[in-house]
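In what follows, a structure is listed as structure tokens, so that the remarks can point back to it.
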Amino acid sequence: MEDGGGGSILESIGSEIIGVMSPVSICMFLVVLLVYSLTNTSASSAVRTAANLVYLESPTDTPAEKLEGALLNALVFVILIAFVTFVLVLLYYYRCTSFLKHYTRFSAFFVLSFMGGPIFLTIIQHFNIPVDSVTCFILLFNFSILGVLSVFSNGVPILIRQSYMVALGIVVAAWFTRLPEWTTWVLLVALALYDLVAVLAPGGPLKILVELASRREEELPALVYEARPTTNANISGSRGGSTLAGLLVAGMSQNDGSDHGVELQAVSASPRTNIGNYENEIASESGHMVINMDNDDEEEVEVVREDQEETSPLMAGNSRERSRSPMMYESTDNSSRRLNEVAVAEMMRPRRERDGDEMIEVMNGRGIKLGLGDFVFYSVLVGRAAMYDLMTVYACYLAIISGLGCTLILLAVCRHALPALPISIALGVIFYFLTRLLMEPFVVGTSSNLMMF
Amino acid sequence: MTVAAGIGYALLALGPSLSLFVAAISQKPFLILTVLSSTLLWLMSLIVLAGVWRAFLPFKTTPSSSAWLPYSILILSSVVFQEGLRVLFWRIYKKLEDILDAFADRVSKPRLFLTDKMQIALAGGMGHGVAHAVFFCLSLLTPAFGPATFYVEKCSQMPFFLVSSMIALAFVTIHTFSMVIAFNGYAEGNRVDQLIVPVVHLVAGMLTLVNLSSGGCIIGIPLLYCMALFTLLHCGKMVWKRLADSQNR
């Protein structure tokens, strides 16, 4: 990292954003690959799932019928998700945390083995891989078990955890791409709207859940991708907390030094028989969230600083912050610096959980978090685009990634839980149809005549 | 042909950019973000152009000679639009540079070096180039992965995919390095560099018109590569000069 004349800021800015974007990109890429190579074999037999309970699309229907059916499907699916989420919130409210954890583990197992299994089978059949059934079964079982263990346990390296999150996303998204076309599009839009309401509206289930979790200083008992800066731990000393988000807000305000790790976070209630109800949000998960929320109105802009920034020279000037939440800071401030250094040093070690007071620091020691639901539905959109053409795939990919970037920047400005689906899905859908209707005839028309510019 | 051929065509068009990406860009997250946003900008410009030209397409090619004029107008308008976009991109970049410098002061790190600025320009240009290659070449490459190939009537010497990926490679080179030239020209107030970029782009676009005549690609593609080589050499010379200047200073 010494090139560029010893630590130019280009090397550090934006690494958090890339840390979130790259797994999303990998997930989308693999889903597209899967869809691309398998669509021929897995003939478009309409599967009946909870996402098309009401209406089973057939190619002969008129567009009006398809639209009506798709709307109904989406409505039912969203109501189902909302119901399940409320149940989960209720369970969490009454502190059935271990039940929720076991349930999440079970659903991870279910997804990996019973939904991933058929996908592996199709891959094996499609590429004629010579594997006998016993080996295949053992491999699948091992794969699933490791995945289940990695969901909440301490003993698994973060890299494995992250790859399992991506794998879960791929499997669920691959199933979702089997939905009929109209239903998929309406469903995506409906979910984006639901996400908006559930995270931002007062009384929205996800908002309640995140607030509860932050008040209790616990982790959400859900499938969440953590983009912790683990793999770069050795260089994080030089990265001195200059995320793009931090940078953007830092340009506007002088009030830094808030130590909150603002996190893109997601809750995913588990998938049930081919449905995942995945929702997502961005939460300020630090222990002082309530105080923050109260003060947000008074402070026009506040600076968001990610965890490592505490070790950066900009540390000064959080007296204001301290005066706001005296108790919290007295108890944590002394130890937080030390703990964060420890956290940096021990990045490769598994996460510490439920250590009482240490929870605040441990939480501060984490990066942006993104829900599995985002992975799934971004990938569903791209996978659906892949069934049309490669051009739409690129357009949708760019749209989704830029939507994610916008959400992250908004997160830096707003500093509370934000839904990650709406902007990306809106951009993705718009770009899909623009590309399909406008751009493709244009590009094909010019470049098939070998005209380029 | 098969998967191997498809991958080969894709690598022919994008291989140099890929190695450039791995070597120079991928280690610096900010540059990756620059590539992405520049790609998005180019995509949006393409969509706008497509929206404008959608009504007139496809041109009636039955009297084959009359297709020249509409295509040249199309290329002219597209190049003008995209060069306008380049100026916009420069404006945005200028603002960003100020913010970055302010931020660097705040975290008491050195400001952007000259090489940093050039790398940002390179990343921006690469976004444009990659977007070009992806939308004009790669997205038409899907059939190349299948069991056949495709020839166009006007250029029967080579498969269509080979021609388009070769043209795409030339354009990737032009786009990537002309952004460096342009940013440098804007920063220095160098009129020649500012003008040379649209001219190169326009000439390169017009050279593809040669492909309209039958067998034209045999002549058109070498000429296009001359333009690409010219851009490359000019960029190299300019960067060399600036680096030497800044070291002497």
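Side notes on the structure shown:
- Overall form of region A:76-115 per C-alpha gyration tensor (a/c, 1.5; a/b vs b/c): oblate
- Which of B:Ser139, B:Ile47, B:Val107, positive extreme of dipole for region B:42-153 (C-beta unit charges): B:Val107
- Note on region B:158-249: Kirkwood radius taken over Cα pairs, Stokes-Einstein applied at 25 °C and 0.890 mPa s, translational D equal to 174 µm² s⁻¹.
- Comparing mean-square fluctuations of B:Leu41, B:Leu195, B:Leu138 from a GNM of chain B with C-alpha springs under 10 Å, the top value falls on B:Leu195.
- In region B:1-135, the convex hull through the Cα atoms has an average projected area of 11.2 nm², a quarter of its surface area.
- For residues of B:108-116, the mean tally of beta carbons on other chains within 10 Å: 5
- Highest-fluctuation residue, B:Cys226, B:Cys235, B:Cys217 considered, GNM on chain B with Cα pairs under 10 Å: B:Cys226
- Annotation: lysines with alpha-carbon distance below 30 angstrom to B:Lys28 (same-chain offsets under eight excluded): A:Lys369, B:Lys94, B:Lys95, B:Lys109, B:Lys117, B:Lys237, B:Lys241.
- Tilt relative to chain B, helix B:3-20 - C-alpha long axis, 0 to 90 degrees, to 10: 30 degrees
- Distance between modelled label sites at B:Phe56 and B:Ala244, nm, 7 Å Cα→Cβ extension: 4.6 nm
- Chain B - mean residue ellipticity at 222 nm from DSSP helices (-39,500 (n - 2.57) per run, n ≥ 4, rounded to 500): -26000 deg cm²/dmol
- The Rg/Rh ratio of chain B, with Rg taken over Cα atoms and Rh as the Kirkwood radius over Cα pairs, comes to 1.00.
- All Cα-Cα distances of region A:63-202, cut into 5 Å bins from zero to the largest, leave 2, 8, 13, 15, 17, 17, 13, 8, 5, 2, 0 percent in each bin in turn.
- GNM flexibility winner over chain B from B:Phe56, B:Phe136, B:Phe21 (Cα, springs under 10 Å): B:Phe56
- Kirkwood Rh (inverse of mean 1/r, distinct Cα pairs), region B:91-201, angstrom: 16.4 Å
- Förster radius 51 Å - calculated FRET efficiency between B:Ser108 and B:Val80 (Cβ-Cβ, nearest 0.05): 0.70
- Our compactness index for region A:52-103, the C-alpha radius of gyration over the empirical 2.2 N^0.38 Å, is 1.70.
- Taking amide H as placed 1.01 Å from N in the peptide plane, B:Cys155 has its amide H under 5 Å from the amide H of B:Gly215, each at least 5 places away in sequence or on another chain.
Any read-out appearing in this document is the output of simple, stated calculations on the displayed coordinates, not a laboratory observation. Everything numeric in this text was worked out from a predicted model, so none of it was measured. Cβ: placed from backbone, ideal geometry, glycine included. Neighbour counts: every protein chain shown.
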